[in-house]
Amino acid sequence: MARKVGRRTIELESKPRIISYGSVVGKKEHEGPLSEEFDYYTIDSFFGEKSFEKAESKLQKTAIGIALDKVGLNPQDIDKIFAGDLLNQCIGSSFGIRELGIPFIGLYGACSTMALSTGLASLFVDSGAANKAVAVTSSHFCSAERQYRFPLNYGSQRTPTAQWTVTGSGALVISNEGKGPYINAVTFGEIEDYGITDANNMGAAMAPDDVKIRPYPTNEGMVFFYTQIQ
């Protein structure tokens with residue numbers, strides 16, 4: 001049985017494993033220092049689709065397909081899928097995943113969505129509510145610009161503090177069966193608001209959550225969110 005540690009951390013008894021993963025990125029990400037770590041990349045921002053939003057859906061579907069192929073699984077083998085993106089009503093996820101026929105839990109956590117989906121999928125697997133679960137998220141620079149700032153064809157000048165949203169998607173397959181890094185515990189954070197009002201300076205708004213990590217003392221020592229290889 002999972003054990004609650006403090007207010008935010010839950011230790012997982014079965015230590016669910018990340019048995020597979022898939023990653024897809026765009027041109028800019030492929031040209032970066034992590035290029036060799038990604039499974040697939042495209043230089044077409046539309047990914048063969050008619051809109052950036054449809055391209056983002058295809059990013060997710062492709063990442064999931066890669067992750068399943070690596071371990072010889074089909075969508076029918078997955079009990080639950082936890083997914084999210086940066087678009088209204090999670091349309092990137094819902095349109096990308098709808099053909100897979102997997103029970104869907106839609107999430108929105110902005111930059112924390114991958115950690116959120118992984119944590120919840122792990123809890124489902126640990127509790128026995130799912131034997132195998134997928135955690136996936138995505139973002140697309142062009143669809144994010146339309147969502148949060150200005151459409152690219154507007155031609156507005158970017159401020160010096162503006163961020164560049166990743167074009168990419170990552171998917172994990174989580175299960176108690178198989179080999180891979182296993183998840184000992186998950187921690188769900190609190191909302192921190194330092195009153196940043198510059199809509200273009202998202203980094204400053206999110207920074208407090210990135211650095212405010214408090215471990216919880218237990219009889220066994222200090223507990224953090226971490227993974228180990230087995």
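The values are calculated or read from the model by the stated rules, or taken from the named source; none is laboratory data. No experiment lies behind these values; they were computed from the predicted model shown. As a convention, Cβ positions derive from the backbone with ideal geometry for all residues, glycine included, and neighbour counts pool all protein chains shown. Note: areas computed on protein heavy atoms with side chains; ligands, DNA, RNA excluded. Shrake-Rupley method; radii C 1.70, N 1.55, O 1.52, S 1.80 Å.
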Could you tell me whether any residue of the range 126-143 is at pLDDT below 90, within 23 Å of Phe52 (Cα to Cα) and open to solvent by 40 Å² or more (accessible area, probe 1.4 Å)? no
When Tyr154 is run through (1) open to solvent by 70 Å² or more (accessible area, probe 1.4 Å); (2) modelled with pLDDT under 85; (3) farther than 27 Å from Lys27 by Cβ, the failure sits at (3)
Might you check whether a residue that is touching a helix residue (DSSP H, G or I) at 6+ places or on another chain (Cβ under 7 Å) and over 17 Å from Val173 (Cβ atoms) occurs anywhere in the range 60-78? no
Go through (1) out of contact with any helix residue (DSSP H, G or I) (no Cβ under 9 Å at 6 or more places or on another chain); (2) surrounded by 19 or more Cβ atoms within 10 Å (Cβ to Cβ) for Gly84 and report which single condition fails. (1)
Residue that is farthest from the chain's Cα centre (by Cα), among those in the range 16-54 that are within 26 Å of Gly72 (Cβ to Cβ) and open to solvent by 70 Å² or more (accessible area, probe 1.4 Å): Glu36
What about Ile66, is it at pLDDT 95 or above, in contact with a Pro (Cβ under 8 Å, 6 or more places away or on another chain) and either over 23 Å from His30 (Cβ atoms) or crowded, with 16+ Cβ neighbours inside 10 Å (or both)? no
